[in-house]
Amino acid sequence: MSTTDQLLQNARAYADRFTEGSLPLPPAQHVAVLACMDARLDPQALLGLELGDAHVIRNAGGVVTDDELRSLAISQRLLGTTEIILIHHTDCGMLTFTDEDFAEAIAADTGSRPGWGTARAFGDLDDDVRASIARIREEPSIPHKDSVRGFVYDVADGTLREVAA
Ligand code: ZN
């Protein structure tokens with residue numbers, strides 16, 4: 001049995017104990033969280049978010065690309081969120097390689113560089129959080145920018161530290 005098959009058993013048990021019913025579509029806390037996909041980071045548990053409370057957007061690094069701007073524009077313009085929380089974390093995999101080396105390794109394996117552009121690795125957590133905040137603030141399609149705050153989560157002790165913009 002694959003891991004996926006085992007997890008599908010969990011999903012059936014989840015449905016059996018599901019009592020929330022159909023919650024409203026707009027997030028109840030009017031907040032969007034953009035965080036790294038790291039398996040040691042649980043944004044909902046960390047921030048005390050319940051089902052229906054927030055949009056949680058995740059990718060490798062928690063970086064701001066065009067697709068995150070797309071999701072944030074939809075979150076704010078169509079679904080009523082007004083605050084944005086960015087979360088990077090210590091010991092992030094994105095600190096361990098360069099875009100060029102990764103693209104070259106893919107090219108060596110497949111014969112071509114990735115069609116999706118650059119991996120968006122970074123060398124400094126705080127610098128990338130600040131750059132991410134700046135990129136959101138510069139984006140015209142995102143209307144609410146009064147509360148765009150960035151943080152670094154420590155995977156070793158569970159603490160969350162704000163990065164001054
Ligand atoms: Zn990470």
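The values are calculated or read from the model by the stated rules, or taken from the named source; none is laboratory data. Keep in mind that what you see is a predicted model, and the values were worked out from it rather than measured. Using ideal geometry, Cβ is built from the backbone for each residue, glycine included, and neighbour counts are taken over all protein chains shown. We work out accessible area using only protein heavy atoms, side chains counted, and drop any ligands, DNA or RNA first. Shrake-Rupley method; radii C 1.70, N 1.55, O 1.52, S 1.80 Å.
Label point 7 Å out from residue 160 along Cα-to-Cβ: which residues of the range 34-60 have amide N under 14 Å?
34-36, 41-50, 53-57
Return the carbon/sulfur percentage of the accessible area of the chain, one whole number, probe 1.4 Å, all protein chains in place. Write down the numbers at each step before the final one.
Values: 5020 of 9650 Å².
Roughly 52 percent of what the probe reaches on the chain is carbon or sulfur.
Any idea how far the Cα center of the range 118-165 sits from the one of the range 1-56, in Å?
22
Relative contact order of the chain: what whole-number percent is it, with Cα pairs under 8 angstrom and at least 6 residues apart?
Values: 246 pairs, mean separation 37.5, N = 165.
Relative contact order comes out at 23 percent.
Taking the Cα centre as origin and putting +1 on Lys and Arg beta-carbons and -1 on Asp and Glu beta-carbons, what dipole magnitude results for the range 35-111, to the nearest 20 debye? Walk me through the numbers before you get to the answer.
Values: 4 positive and 14 negative charges, 77 e Å.
Value, rounded to 20: 360 debye.
Which longest run of the chain has no exposed loop site in it, a site being GluC sites (Glu not before Pro) in a DSSP loop with at most 15 other beta carbons within 10 Å, and the site itself not part of the run?
Values: sites that count: 20, 50, 138.
My reading of the result: 51-137 is the longest stretch.
Can you tell me the accessible area per residue over the range 87-162, all protein chains present, probe 1.4 angstrom, in square angstrom?
On the way: 4360 Å² over 76 residues.
About 57 Å² of surface per residue is accessible.
How would 30, 89 rank on accessible area, largest to smallest, probe 1.4 Å? List each step's numbers first, then the result.
Values: 30 90, 89 0 Å².
So, going from the largest accessible area down, we get 30, 89.
In the chain, what is the volume of the convex hull around the alpha carbon atoms, normalised per residue and reported in Å³?
Working: hull volume 25.5 nm³, N = 165.
In the chain, the Cα convex hull volume per residue is 154 Å³.
About the Cα centre of the range 82-155, what is the dipole size in debye to 20, counting +1 per Lys and Arg Cβ and -1 per Asp and Glu Cβ, all else neutral? Present the calculation step by step, with values, prior to reporting the outcome.
On the way: 7 positive and 15 negative charges, 70 e Å.
Dipole size: approximately 340 debye.
Accessible area of residue 91, 1.4 Å probe, to the nearest 10 Å²?
100
Got a sec? Charge dipole of the range 21-131, +1 on Cβ for Lys and Arg, -1 for Asp and Glu; which of 23, 84, 116 is way out at the positive end?
23
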